[in-house]
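Some notes on the structure that comes next.
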Amino acid sequence: MIDIDLFSQLLSRALRNGGDYADVFAERRDALAYRFQDGRVHESGLSVTQGVGIRVVVGEAAGYAFSDDLSTQALMEAADTAAHIARNGPARSARTIRVGEVAVNAPYRKSQTNRADVARYVALIERVDVAARAFDPRVVAVNAHVTDELQEVWIAGSDGALVYDRRPLVTLGAQVITVGNGERGAGYCADGGRISISFFDDVRTPESIACEAARVSIVNVEAIAAPAGEMEMIVGAGSGGVLLHEALGHGLESDFNRRGVSLYSGRVGQRVASELVTIYDDGNLAEERGSIGVDDEGVAGQHKVLVENGVLRGYMQDRLNARLMGVGPTGSGRRQSFRSMPQPRMCNTYMPDGASSVDEILASTKRGIYAKSFGGGQVEISKGDFVFMVSEGYLVENGKIVAPIKHATIVGNGPEAMTNVVAVGNDSRFAPRHYTCGKGGQNVPVGVGMPTIKISAITVGGTRDA
Amino acid sequence: MRDDEAINAAREAVAIAMKQGAVAAEAVASLGSRFSVEARQTTVTKLERSIGKSLSLRVFVEGGRKAALSTADFSHDSLRGAIARAVAQAAVVGADPHAGLPDQTADSIPDLGLFDDAIAARDDAAGIDDVLEMERELRASDARIDNSNGSHYAGGVSTHALANSNGFSGVYSTTRASRSASPVASDGEHKRTAHYGTAARRLDELESNASVARMAARRTVEMFGAGRPATMRVPVIFERDVAAAVLSDVFSAVSAANVAVGNSWLSGRLDERIGSDAVTIVDDGRSAGRLGSSPFDSEGVATRRTVVVERGILRTFLYDTYYARRLGAATTGNASGSGIGPNNFYLEPGSGSLDDLIASTGRGVLVLDTIGFATEHATGTFSRGARGFCIEGGELVGPIEEFTIAASLPDMLAGIDAAAGDLHFDASIVAPSFRVAQMQVSGI
């Protein structure tokens with residue numbers, strides 16, 4: 001996209017006032033989207049963007065400028081702007097940076113393919129629509145969408161490395177709305193990952209996505225109001241991983257810890273959860289949405305142990321915070337696009353298998369809810385209060401599922417909830433691949449995974465008196 | 001100069017699309033520049049400057065088939081290539097009699113006072129002084145504030161030009177400045193953070209550094225010693241920022257794009273009572289100097305003032321041209337990029353202050369902050385994590401957190417029994433503080 005000599009020139013220019021580190025992030029992104037509504041392709045969209053972001057880091061400060069104009073003059077001006085952060089620093093002689101190419105081995109490389117015919121995308125969303133409508137006569141509306149994106153990045157650092165990553169991302173999803181007995185119900189399902197759309201030919205058919213969304217919408221038509229108050233909760237395998245992401249994950253991102261803002265600051269080596277709890281974050285899993293060959297600072301994706309048997313083992317580090325904390329980066333520096341500076345972020349966060357069976361967990365629950373899938377969540381970093389939103393849940397009494405419940409927010413405190421984990425199932429799996437994480441105004445694709453677990457007490461925000 | 005550059009880019013894109021076989025086309029070209037700065041304590045930690053541009057194009061081919069393109073590459077050859085792909089893509093879209101350009105576009109472009117030279121010409125050093133001052137004010141305001149997650153100032157200029165193949169072209173420019181602060185406080189045992197931010201089109205209307213810092217500091221330290229409330233049904237007061245978040249959910253429900261596909265609990269409810277007498281909701285694109293104002297929407301249709309809910313009665317949904325045709329109505333000038341967006345969408349204020357509202361509430365909960373976004377728009381099921389204060393005998397008696405508030409949006413709108421007079425237009429969706437007569441609070 002830009003030639004290797006220009007990368008070298010931009011880095012030298014960016015560091016002309018000095019600075020600890022500089023990088024140039026060049027990106028090209030080509031994304032296709034189709035929406036199906038009312039029995040026809042309703043919208044089609046194409047987005048083609050490219051640009052370059054240049055950063056200079058001095059201590060804990062960073063100067064940044066980006067340009068979507070790729071001319072040498074515009075990029076040199078961006079380098080000058082980024083260099084401005086170091087203007088008051090001690091005078092240093094300018095450095096000459098020469099970058100060289102470094103090979104990257106991305107786990108998802110083998111599944112790259114080229115763009116499919118338009119007709120193939122259309123066929124996929126048509127099949128979603130047909131299958132969802134055929135699922136049940138109570139289905140009144142189906143909104144299906146397919147997206148296929150290819151992001152290519154080139155990252156040159158003042159350490160002399162130039163790396164390239166190529167990140168495909170596809171999603172096929174359906175929102176289904178059902179009306180029965182005067183009640184409305186909605187269900188959503190989507191899947192995909194860093195693969196090609198041939199994934200939907202055999203591994204995950206459009207029909208399976210459509211039927212899952214339709215099934216949930218019907219469960220929600222029949223749902224009773226969720227209970228209110230503190231009770232036991234079974235967190236379902238797969239999308240229950242949203243709990244880990246919110247209750248713990250964000251609190252272990254290194255910017256919050258280096259700044260002393262997170263309640264987990266300075267607590268590596270300490271007990272932060274029940275000893276049943278082990279949590280990993282991994283950027284190297286084939287096909288998962290949060291996987292990366294290299295992060296957006298050119299550091300290879302890694303497997304990180306965040307919590308092991310309840311003990312905090314480490315944070316997720318980008319370059320800036322790692323350097324200030326005196327540790328190495330963990331391949332966690334991610335950004336939404338060339339328009340933003342990187343932040344420490346999660347990739348694919350999950351809990352491995354425990355020892356309990358799902359039947360045992362259910363049988364041991366006297367009164368509570370079984371939250372099978374989640375729409376998302378949010379956390380407050382300093383005290384650790386979090387919420388997550390149940391999109392399919394059931395009331396449980398005396399070890400048995402009694403009735404589905406309407407959407408409800410669960411509220412808890414991270415360390416308390418993680419300490420209250422009393423059982424971990426042996427059915428760990430990743431959630432369907434459609435989650436996106438937002439932080440500081442930047443969205444990045446992530447994966448979450450979990451076995452079925454049980455939390456002894458948590459607050460359920462329904463409307464029905466307990 | 002920038003006006004010419006933007007309008008020429010939009011016109012050129014329309015011309016290319018027509019040459020490539022489109023029967024109609026519309027392009028929006030935006031040029032913007034932005035400066036932002038962050039400080040923590042006494043250090044400037046981020047300086048960012050950007051100059052960006054974007055082009056959004058809609059092309060229509062025979063039968064009302066359409067495709068959208070967005071790109072940042074304005075060069076003639078790249079544009080030709082991308083537009084050719086969009087035209088080809090449009091051909092596979094289902095025929096749709098409702099798709100097409102608007103019947104009528106704005107015939108004049110009034111100056112709504114959306115541009116402030118003071119923001120456009122502001123020196124970077126002034127922004128740097130702002131954030132350092134906010135950090136000083138934070139530390140001075142309370143001894144427990146011993147850390148910061150960063151104070152921010154940002155200022156920017158945008159130019160929006162629109163051209164379509166029916167001969168419309170128009171351009172306008174806006175400015176926007178914002179300030180925010182995120183202090184961290186500690187009482188030796190617990191840490192607390194909170195955030196306060198504000199924005200305006202004019203620098204002299206932007207809340208001062210001292211005021212932003214004071215508000216952020218108060219929100220941070222007032223939560224020390226918070227307990228958890230009992231699970232109960234009580235009146236709930238939403239302070240204006242969280243009241244605005246509730247109004248965002250109402251906006252989703254009146255957006256014709258959601259109504260048309262059944263994803264709104266207000267589908268089929270036109271001219272029915274959907275709220276109490278205290279509920280009058282307006283969308284106004286024409287008020288001077290406000291963040292949600294513009295002379296024309298993203299299809300070139302003149303913006304206007306629309307009463308959406310009048311004393312509890314749902315009068316209209318909000319439309320763009322496509323959904324208006326599909327639902328047999330007229331556009332309300334709410335086209336926004338790829339969908340339907342708010343202009344200045346607000347709940348009419350009542351009178352009195354938030355304190356008056358609290359004083360008139362015997363026992364209840366004041367909500368100052370919510371987390372989560374679990375609104376199920378098809379059914380109107382509303383549920384959020386919250387923090388705030390318990391109210392007893394008309395007085396705030398102690399901070400509370402780690403609880404949820406829940407109700408259905410229909411019950412909430414029907415239950416709004418009072419609104420304060422504290423409406424403040426610092427976003428495009430705003431509301432005064434209001435009280436819902438009864439909601440489920442879920443704690444211990």
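Where a number appears in this text, it was derived from the coordinates with a stated rule and is not lab data. Small disclaimer: the values here were computed from a predicted structure and weren't measured. Methodologically, a virtual Cβ is constructed for each residue, glycine included, from the backbone with ideal geometry; neighbour enumeration extends over all protein chains shown.
Counting Cβ atoms of other protein chains within 10 Å of each Cβ in B:66-77 and taking the mean gives 5.
Net charge within 11 Å of B:VAL259 by Cβ-Cβ distance, Lys/Arg positive one each and Asp/Glu negative one each, not counting B:VAL259 itself? Write down the numbers at each step before the final one.
Details: positive: B:ARG269, B:ARG326; negative: none.
Its environment carries a net charge of +2.
Can you list residues whose amide H is under 5 Å from B:SER353's amide H, if they're 5+ apart or on another chain and H is modeled 1.01 Å from N? Sorted by chain and number, the residues that satisfy this are B:GLY421. Hydrodynamic radius of the stretch B:160-211 by the Kirkwood approach over all distinct alpha-carbon pairs: 14.8 Å.
For B:SER298, the residues whose modelled amide H falls within less than 5 Å of its own, excluding neighbours fewer than 5 places apart on the same chain, are B:ALA335, B:SER336, B:GLY337. Between A:MET325 and A:ARG166, full extension at 0.36 nm per residue minus the direct alpha carbon distance yields a gain of 54.2 nm.
Shape class of the protein assembly as shown from the Cα gyration tensor (axes a ≥ b ≥ c, square roots of the eigenvalues): rounded, since a/c falls below 1.5.
For peptide B:90-101, compute the average count of partner chain beta-carbon atoms within 10 Å of each residue's beta-carbon. Walk me through the intermediate numbers first.
Working: counts 4, 2, 8, 10, 11, 2, 6, 0, 0, 2, 0, 0.
Average neighbour count from other chains, rounded to a whole number: 4.
Across chain B, C-alpha contacts under 8 Å between residues 6 or more apart give a mean separation that, scaled by the residue count, equals a relative contact order of 16 percent.
What the phi angles of the stretch A:363-378 give under the Karplus curve with 6.51, -1.76 and 1.60, with θ = phi - 60°, is a coupling list of 4, 7, 9, 7, 8, x, 10, 10, 8, 7, 9, 10, x, x, x, 7 Hz, glycine and proline written as x.
If you plug the beta carbon distance of B:ALA95 and B:SER33 into 1/(1 + (r/R0)^6) with R0 = 41 Å, you get a FRET efficiency near 0.50.
Counting other Cβ atoms within 10 Å, keep those with at most 14, restrict to DSSP loop, and tell me which trypsin sites (Lys or Arg not before Pro) in the stretch B:29-74 are left. All intermediate terms of the calculation are to be shown ahead of the outcome.
Working: sites: B:ARG34, B:ARG40, B:LYS46, B:ARG49, B:LYS53, B:ARG58, B:ARG65, B:LYS66; in loops: none.
The qualifying sites: there are none.
From the Cα gyration tensor of the stretch B:53-203, with a ≥ b ≥ c the square roots of its eigenvalues, which class applies: rounded if a/c is under 1.5, or else prolate if a/b is larger than b/c, or else oblate?
Prolate, because a/c is 1.5 or more and a/b exceeds b/c.
Using the Cα gyration tensor of the stretch B:291-335, with a ≥ b ≥ c the square roots of its eigenvalues, what is the shape: rounded (a/c below 1.5), prolate (a/b larger than b/c) or oblate (neither)? Cα axes put the stretch B:291-335 in the oblate bin. Averaged over the residues of peptide A:24-31, the number of Cβ atoms from other protein chains lying within 10 Å of each residue's Cβ is 1.
Please list, by residue number, everything in the stretch B:127-152 whose backbone N is under 14 Å from a paramagnetic label point 7 Å out along Cα→Cβ of B:THR43. Residues B:147-151 fall inside that zone. Once the Kirkwood radius over Cα pairs is known for chain B, the Stokes-Einstein relation at 25 °C and 0.890 mPa s delivers a diffusion coefficient of 103 µm²/s. Partner aspartates and glutamates whose Cα lies under 15 Å from the Cα of B:LYS66, excluding those fewer than 8 positions away in the same chain, are identified as A:GLU43, B:GLU26, B:ASP96, B:GLU299.
With contacts defined as alpha carbon pairs under 8 Å and 6 or more residues apart, what's the relative contact order of chain A in percent? Kindly include the intermediate steps, with their values, before the conclusion.
Details: 1353 pairs, mean separation 76.4, N = 466.
Taking the mean separation of contacting Cα pairs over the length of chain A, I get 16 percent.
Distance from the alpha carbon centroid of the stretch B:373-444 to that of the stretch A:358-386 works out to 24 angstrom.
Restricting attention to chain B, close to 95% of DSSP beta bridges with both partner residues there are antiparallel.
For a paramagnetic label modelled on A:ALA403 (point 7 Å from Cα along Cα→Cβ), amide N atoms under 15 Å away are absent within the stretch A:231-245.
Computed over the stretch A:181-263, relative contact order equals 30 percent, with contacts defined as Cα pairs under 8 Å that lie 6+ residues apart.
Taking the stretch A:309-405, how much of its Cα-Cα pair set, in percent, is spaced more than 21 angstrom apart?
Details: 2734 of 4656 pairs.
In whole percent, the long-distance tail amounts to 59.
Using the Karplus relation 6.51 cos²θ - 1.76 cosθ + 1.60 with θ = phi - 60°, the per-residue 3J(HN,Hα) values for the stretch B:90-98 come to 4, 4, 8, 6, x, 4, 8, x, 8 Hz, with x marking Gly and Pro. Protection proxy ranking for A:166-177, B:81-92, using the average of other Cβ atoms within 10 Å per residue and placing the highest first: A:166-177, B:81-92.
Of A:LYS304/B:LYS46; A:LYS454/B:LYS191; A:LYS366/A:LYS400; A:LYS304/A:LYS383, which ones are farther than 19 Å apart at the Cα?
Values: A:LYS304/B:LYS46 28 Å; A:LYS454/B:LYS191 28 Å; A:LYS366/A:LYS400 8 Å; A:LYS304/A:LYS383 24 Å.
Over 19 Å apart, Cα to Cα: A:LYS304/B:LYS46; A:LYS454/B:LYS191; A:LYS304/A:LYS383.
Kindly list the residues of the stretch B:26-63 that lie in the label zone of A:ALA74, defined by a backbone N under 20 Å from the point 7 Å along the Cα-to-C-beta vector. Residues B:27-36, B:48-57 fall inside that zone.
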